[in-house]
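What follows is a single structure, written as structure tokens, with notes after it.
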Amino acid sequence: MKRTAVYIATTEGPSEIQRITPEDPDVRSVVCHDGKAIALPISADYDSFVRRPTGVIEACFGHGPYRVDVSDPIASGLSWQLGLFIAHALFDEGRLVRAGDRNPQIVWATGEVTRDLAVAAVDDVDRKIRRAEDRIRAHLDAGSKVVIAVPAANLAETERALAAVFGDQRDRLHVVFAETVCDVLSALGLKRPK
């Protein structure tokens with residue numbers, strides 16, 4: 001199976017998940033910018049998203065905590081949760097992109113993930129799509145499969161934005177309107193979480 005790169009959609013533009021590193025159980029999970037020793041503002045929320053009893057990552061994948069490195073800062077909100085959940089699922093199966101992989105499959109995601117793995121609606125999907133246009137077009141031009149994963153509740157806004165931004169190239173995008181994370185995992189050929 002081809003490896004997959006995951007981009008978290010933000011209002012400032014997409015942020016690629018560069019690396020996930022399992023950490024010692026005695027430390028907290030953290031999100032860092034581009035390999036630097038700088039914790040991003042979402043780190044405390046990410047730690048809660050990972051650890052039991054509040055989080056889902058440790059419960060689904062059997063480990064916590066982690067260090068995640070992303071290409072661009074993510075300042076606030078919870079819409080990063082779907083992208084990070086997908087990245088953990090890929091990492092668990094050895095399918096998360098690694099440095100040097102050529103033309104990986106691309107996932108661009110936004111959505112909040114609840115305790116029961118439902119995908120909740122998020123704000124600003126239109127703006128996030130517009131901010132990602134150049135990056136998505138570059139991946140399409142390179143021949144990569146591009147999967148757009150968004151909450152089912154954001155269907156109308158997403159369809160309008162994709163039609164406005166990508167026009168006749170809209171059909172080249174594989175869009176998953178997710179009720180649960182399992183909808184996205186299934187589309188990517190990944191196992192259901194434990």
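The values are calculated or read from the model by the stated rules, or taken from the named source; none is laboratory data. A quick note: this is a predicted structure, and the numbers were derived from the prediction, not measured. A quick note on method: Cβ atoms are made from the backbone with ideal geometry, for glycine too, and the neighbour counts reach across all protein chains shown. Areas reflect the complete protein model, heavy atoms only, side chains present, ligands, DNA and RNA absent. Shrake-Rupley method; radii C 1.70, N 1.55, O 1.52, S 1.80 Å.
Sorting the Cα pairs of region 97-149 by distance into bins of 10 Å, from 0 upward, gives 21, 42, 29, 8 percent per bin.
How do 10-20, 90-100, 164-174 rank on mean C-beta neighbours within 10 Å, highest first?
On the way: 10-20: 19.9, 90-100: 15.9, 164-174: 13.1.
Packing proxy ranking, top to bottom: 10-20, 90-100, 164-174.
Can you give me the % of accessible surface on region 70-143 that is carbon or sulfur? Probe 1.4 Å, all protein chains present, nothing else counted. Ligands and nucleic acids excluded, carbon and sulfur give 43 percent.
The angle between the Cα long axis of helix 155-166 and the longest principal axis of the Cα atoms of the chain comes to about 60 degrees, rounded to the nearest 10. Basic side chains Lys and Arg get +1 at the Cβ, acidic Asp and Glu get -1 at the Cβ, and with that the dipole of the chain about its Cα centre reaches some 500 debye. With the gyration tensor restricted to C-alpha atoms of region 13-55, the semi-axes of the equivalent ellipsoid amount to 19, 13, 10 Å, longest first.
Relative intensity of the chain on a log10 scale, I(q)/I(0) at q = 0.10, 0.11, 0.14, 0.17 Å⁻¹, equals -0.36, -0.43, -0.72, -1.10, per a Debye sum over C-alpha point scatterers of equal strength in the absence of solvent. Once backbone amide H atoms are built at 1.01 Å from N, VAL176 has ILE148, ALA149, VAL150 as its partners under 5 Å, excluding neighbours fewer than 5 places away on the same chain. Given +1 at the Cβ of Lys and Arg, -1 at the Cβ of Asp and Glu and no other charges, the dipole of region 1-64 around its Cα centre is 220 debye to the nearest 20.
Need one number: % antiparallel among DSSP beta bridges in region 49-194, to the nearest 5. Intermediate values should be presented prior to the final figure.
Details: 3 of 13 bridges.
The answer is about 25 percent antiparallel.
Give me the percent of DSSP beta bridges within region 1-135 that run antiparallel, rounded to the nearest 5.
Bridges in region 1-135 that DSSP calls antiparallel: roughly 50 percent.
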